[in-house]
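Enquirer: The structure that follows is given in the form of structure tokens.
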Amino acid sequence: MPAKNKPDLIAAIATPPGRGGIGVIRLSGPDLTPLIQGILGRALQPRHATHARFLDAAGAMLDEGIALYFPAPHSFTGEHVLELQGHGGPQVLQLLLERCLELGARLAAPGEFSRRAFLNGKIDLAQAEAIADLIDAQSQAAARSAVRTLAGEFSRRVRELVDGLIQLRTLVEATLDFPEEEIDFLRQADAWGRLAGLQQQLQAVMQEARQGALLREGLNVVLIGQPNVGKSSLLNQLAGYEAAIVTEIAGTTRDTVREAIQIEGVALHVIDTAGLRETADPVERLGIERTWAALAQADVALLLVDAVHGVGPQEQAIIGRLPAIPLITVHNKIDLAAEAPRVAADGREVWLSAKTGAGIDLLRGQLLAAAGWRPVGEGAFMARGRHLEALRRAGRHLEQARAAAERLELLAEELRLAQEALNEITGEFSADDLLGRIFSQFCIGK
């Protein structure tokens, strides 16, 4: 990546690969006048859509379409930006891109346009990440949350916390700088009340961030149990169609079957697995091994049992081997046991019929509850794992600040570290290697 004060000219195809009605070439960098003249043979009026022919080195037409020029700093990247909107054929776009390279541009790295927008102060790091999250959104709820983060809602909440920390740090530093003063700055300004308020505010942001992380990442749900307890039937009920083969023969499912569904906008990756039992069949044994491998990556496990028999020694043995993840025991086949759909008081057991669909909605609600989902309406914003970790570290430093209340030097240091953790979210304090990892996951052209 070039130095911020010496950017070069980058170019990329900004539309997806394949055939399409429109294809877009995007360029960003310093003076674009020579390139505009070379490819269009004319000057462009800023911020106006201009119909033009795109020319090769000999002046022959490569394509024709719309050219848009955004002079710095009023562009997405904060640099001069040119967009060439032509026809969406792969070959014509490649010819046009090669012409841009002939005129001095180089191929953009993944996420380099967004990275330049961040480095030039057009967006912060959370907003930059929201661009990729919006593109990758797996549900409408995730897309709306990504838009809120892109609009700056998450950043605004973080900056409110930072502003509160700065005010509190100012009071502490004043007490450290003027120890001979008789006035107790901290008590007079209700410093401990302010600290408690910041902790509550942080918890509220953390709760919404968890929801955003669920919307972004989804939830891995693994169906387990003995053979023929109805795992595949339950998968089909949750999916809404026959995603898995269902027969009366025990051991029909020998490999993991994955299906993506949505519940209240949260993407669930439901995995139907081979029945867990002792077997000499090498194929079935391989499927059972894959079941345990899937459980190692699961967020929630659904243990299916026959409602007629309940949890027996075999199920207890399965439970004893489970990793430390939320477990919901599903008592299936209530249509045969003459029972009604219901949920246990602690939410860890659900009675339903995968055959008739009775009680399926109860299970959907418990799946979200087990994952920690709390409906937040339109107020949710998108968040990533690194955001949650930064918020957790800020919370730990605030706890340690409260414990160090009588030792002002330690109090001041813990508040500083809390602020530093929060600043990592928006990128006001970020290592170059972190930026490299983040933007390398973006699409080329963004």
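The values are calculated or read from the model by the stated rules, or taken from the named source; none is laboratory data. Since this is a predicted model, take the numbers as computed values, not measurements. Please note: Cβ atoms are built from the backbone with ideal geometry, for glycine as well, and neighbour counts cover all protein chains shown. For the accessible areas, the whole protein counts, side chains as well, though only heavy atoms, and no ligand, DNA or RNA atoms are used. Shrake-Rupley method; radii C 1.70, N 1.55, O 1.52, S 1.80 Å.
Enquirer: Taking the stretch 56-73 as the region of interest, how many residues are open to solvent by less than 60 Å² (accessible area, probe 1.4 Å) and either within 14 Å of LEU97 (Cβ to Cβ) or out of contact with any strand residue (DSSP E or B) (no Cβ under 8 Å at 6 or more places or on another chain) (or both)?
Expert: Count: 6.
Enquirer: Further, regarding this structure: Looking at the stretch 84-190, what helices (runs of 4 or more DSSP H) fall wholly within it and have at least 1 residues that are closer than 30 Å to GLY21 by Cα, open to solvent by 10 Å² or more (accessible area, probe 1.4 Å) and of a type in the set (Phe, Trp, Tyr)? First the steps, then the outcome.
Expert: Numbers: elements: 90-102, 112-119, 125-136, 140-150, 153-177, 185-188.
By residue number, no helices (runs of 4 or more DSSP H) qualify.
Enquirer: Return a yes/no flag: does the stretch 335-354 have any residue that is out of contact with any Phe, Trp or Tyr (no Cβ under 6 Å at 6 or more places or on another chain), within 30 Å of LEU435 (Cα to Cα) and either open to solvent by 70 Å² or more (accessible area, probe 1.4 Å) or free of Cβ contacts under 8 Å to residues at least 40 places away in the same chain (or both).
Expert: No, that holds for no residue.
Enquirer: Still on this structure, I have one more. State the number of residues belonging to the stretch 362-380 that are under 19 Å from LEU238 (Cβ atoms), at pLDDT below 90, open to solvent by 20 Å² or more (accessible area, probe 1.4 Å) and not aromatic (Phe, Trp, Tyr).
Expert: Looking only at that region, the number is 6.
Enquirer: With ILE261, ILE318 as the choices, which residue is modelled with pLDDT under 80, open to solvent by less than 60 Å² (accessible area, probe 1.4 Å) and closer than 30 Å to ASP136 by Cα?
Expert: So the residue among ILE261, ILE318 that is modelled with pLDDT under 80, open to solvent by less than 60 Å² (accessible area, probe 1.4 Å) and closer than 30 Å to ASP136 by Cα is ILE261.
Enquirer: Let me ask something additional. Cβ-Cβ distance below 9 Å, separation of 6 or more or different chains: which pairs start in the stretch 6-33 with a residue that is assigned to a strand (DSSP E or B) and end on one that is among the β-branched types (Val, Ile, Thr) and open to solvent by 50 Å² or more (accessible area, probe 1.4 Å)?
Expert: These pairs meet every condition: ALA12/ILE444; ILE13/ILE444.
Enquirer: Is there any pair linking a residue in the stretch 118-142 that is of a type outside the set (S, T, N, Q) to one that is part of a helix (DSSP H, G or I) and surrounded by fewer than 19 Cβ atoms within 10 Å (Cβ to Cβ), with Cβ under 8 Å and at least six apart or on different chains, and which?
Expert: These pairs meet every condition: PHE118/LEU435; LEU125/LEU435; ALA130/VAL147; LEU134/ALA143; LEU134/VAL147; ALA137/ALA143.
Enquirer: Show the residue pairs meeting these rules: Cβ distance below 8 Å; 6+ apart or different chains; first residue within the stretch 191-207 and of a type in the set (Ser, Thr, Tyr); second residue open to solvent by less than 10 Å² (accessible area, probe 1.4 Å).
Expert: Final answer for the pair search is none.
A quick yes/no check of all residues on (1) closer than 23 Å to ARG26 by Cα; (2) at pLDDT 90 or above:
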residue: GLU112; (1), (2): yes, yes
residue: ALA117; (1), (2): yes, yes
residue: LEU134; (1), (2): yes, no
residue: SER145; (1), (2): no, no
residue: LEU161; (1), (2): no, yes
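Enquirer: While we're here: Which residues, counting only those in the stretch 34-60, are farther than 27 Å from PRO110 by Cβ, in a strand (DSSP E or B) and either in contact (Cβ under 8 Å) with a residue 24 or more places away in the chain or not β-branched (Val, Ile, Thr) (or both)?
Expert: Once the filter is applied, which keeps residues that are farther than 27 Å from PRO110 by Cβ, in a strand (DSSP E or B) and either in contact (Cβ under 8 Å) with a residue 24 or more places away in the chain or not β-branched (Val, Ile, Thr) (or both), the stretch 34-60 yields HIS51, ALA52, ARG53, LEU55.
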